[in-house]
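K.L.:
Below is the structure I would like to discuss, written out as structure tokens.
Computed from the coordinates by the stated procedures, all read-outs in this text should not be read as laboratory data. Remember, it's a predicted structure, so these values are computed and weren't measured experimentally. For neighbour counting, all protein chains shown are included, and Cβ atoms are generated from backbone atoms with ideal geometry for every residue, glycine included.
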């Protein structure tokens, strides 16, 4: 019985790994897009492009993570 439980847990662990990697990949592209949209602000504020990208990273990653969780919750 324990071996059956372990086998059932493997796909779930793999699914969590794939979801985590998806959050990283989607966040990477979303941060890039958001940064390009916000780069004109560097001309009117003292922020550099690097700092602007850094400031955008945390909110974008959180939003992507929340969206993936919501999708997973709605599916399951």
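K.L.:
Filter segment 1-44 down to the residues that are assigned to a loop (DSSP other than H, G, I, E, B) and either touching a residue at least 40 places away in the same chain (Cβ under 8 Å) or loosely packed, with under 11 Cβ neighbours inside 10 Å (or both) and list them by number.
P.N.:
1, 40
K.L.:
Surrounded by 12 or more Cβ atoms within 10 Å (Cβ to Cβ), part of a helix (DSSP H, G or I) and over 15 Å from the mean Cα position of the chain (by Cα), is that true of residue 51?
P.N.:
Yes.
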